[in-house]
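First comes the structure, then the notes that go with it.
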Amino acid sequence: MNKLKCYFIVFISFIFLYGCVQTNILDKIGLTTLIGYDKGTEEKIATTAVIREVNPEFQSNVEVLTTENETSKGNRMEANRRLSKKIMVGQMRVVLFGDDLAKESLHYYIDTNLENASVSNSVYMAVVEGKTSSLLSYEYKDIEDIGQHIFRLIEQNVRQEYMISATLHQIAHDYYSFGKDLAMPIIKRNGELVELSGVALFKGSKMVGSLPANDSFYVKIVRDTFKVGLFETILDKEDIPSKVLQKPAEKITVAFDAIHSNRKIKLVNADTPEFDLNIDIRSRVLEVYPDMNLGDAKNVKILQDAIEKKLTKEIERVIAHSQEVESDIFGFGEKYRSSVRHSKLTKEKWHKMYKDMKVNVNVKFVILRDGVFE
């Protein structure tokens, strides 16, 4: 009898729980996959949403809708008034910002998305060259769902380490840190294509500079580690003796993949401040053009030294540019704060110190295997 009573209580509980849950039938809602923010007129926020609607026959339709309002929630209400289905943001994968808005401030938009429980912390964030509305509303010949296309574009480049990752979780961590600034990919429309064109550098919540897409390699290798990506660099003829090449050339192109990289930052002088940046890369060379005999150990050593020199020079250039715009996207400030007791470091204090910071870059490049071609 007691057992039967327990079953009855559990059954009644399920009924009440079922009644409390709001169900969302797929053919009655619109799934927002991407949101783009721009500066609107009269201090308003312009929002462009990519919304996927599914009909009862499970055929999908993509709507691109632009609205203007004083708040992001107001834009959502405005979009709902224009559609026959309730808009949901639980499937959102990407948030984009027009560059004019990014140069003004993204503080409000970072906080708004963090406070929205429906927005995943893994959503990607990026800056658009120009307005997001122009990028998203363009009718591409070979792109049916621009929201899904941009998500896959960013995701596959992040996974292959061709571009830095900037999820909401990572952006929030860097933004609220007292020793690191945030960075985001930059995308643009190029004819009928959408491409990753660079890296946006921020000082606090404002975009203050940018780097070309190829520099994402140097940014990532200083900020983190590099494991699977493919990279290509061009050496000058002075870097490689002509006698080791099959034929003379003004420039030598080397393609390699970084099987493993490791970086260590050490504070050596707190007054300047001055850091030692040591980067170790173990890699295999995939291709050298013009060809050179890598079966000879002396030639391998020449190539290693040339690549070390090139990478050191490029990393120094990228760090120097970030210092010019006072954007510590590498986290030298975090190392300073953890190494100096009672530093009382603030964002403003560190940005002033960062401009005059000295970094001693030491790159060690080791070729693990040569003669491997894809």
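Laboratory data are not the source of any read-out in this text; all were calculated from the coordinates shown. Keep in mind the model is a prediction, meaning the values are calculated, not measured. Note that each Cβ is placed from the backbone with ideal geometry, even for glycine, and that neighbours are counted across all protein chains shown.
Close amide-amide hydrogen proximity is noted between Leu368 and Ser283, Arg284, Val285, each under 5 Å apart and 5 or more residues distant or on a separate chain (H modeled in the peptide plane; Pro and chain starts excluded). Among the listed pairs Lys44/Lys206; Lys237/Lys266; Lys247/Lys301, those with a Cα-Cα distance over 30 Å are Lys237/Lys266. Only beta bridges with both residues in the stretch 225-369 are counted; by DSSP, about 70 percent of them are antiparallel. The distance between label points at Arg282 and Ser118 comes to 4.9 nm (points 7 Å beyond Cα on the Cα→Cβ vector). Proximity of backbone amide H atoms, modeled 1.01 Å from N, is registered between Asp181 and Asp328, Ile329, Phe330, Gly331 at under 5 Å, excluding neighbours fewer than 5 places apart on the same chain. Report the paramagnetic label zone for Asn293: residues of the stretch 232-254 whose backbone N is under 13 Å from a point 7 Å from Cα along the Cα-to-Cβ axis. Taking a point 7 Å out along Cα→Cβ of Asn293, the residues of the stretch 232-254 whose backbone N falls under 13 Å are 243-247.
The calculated FRET efficiency for Glu274 paired with Asn61, based on their beta-carbon distance and R0 = 56 Å, is about 0.45. If the reach is capped at under 20 angstrom between alpha carbons, list the aspartates and glutamates near Lys39, excluding any in the same chain fewer than eight residues apart. Filter leaves Glu68, Glu70, Glu78, Asp99, Asp100, Glu104, Asp111, Glu129. Restriction of the trypsin sites (Lys or Arg not before Pro) in the stretch 306-350 to DSSP coil positions whose beta-carbon has at most 12 other beta-carbons within 10 angstrom yields Arg341, Lys344. Annotation: amide H of His260 within the under-5 Å range of Arg282, sequence separation 5 or more or interchain, hydrogens built in the peptide plane.
Each Lys and Arg adds +1 at its Cβ and each Asp and Glu adds -1 at its Cβ; summed about the Cα centre, the stretch 225-369 shows a dipole of about 520 debye.
For Lys141, the lysines whose Cα comes closer than 24 Å to its Cα, not counting residues fewer than 8 places off in the same chain, are Lys131, Lys188. Along the stretch 302-308 the Karplus relation, 6.51 cos²θ - 1.76 cosθ + 1.60 evaluated at θ = phi - 60°, assigns HN-Hα couplings of 4, 5, 4, 5, 5, 5, 4 Hz to successive residues, with x for each Gly and Pro.
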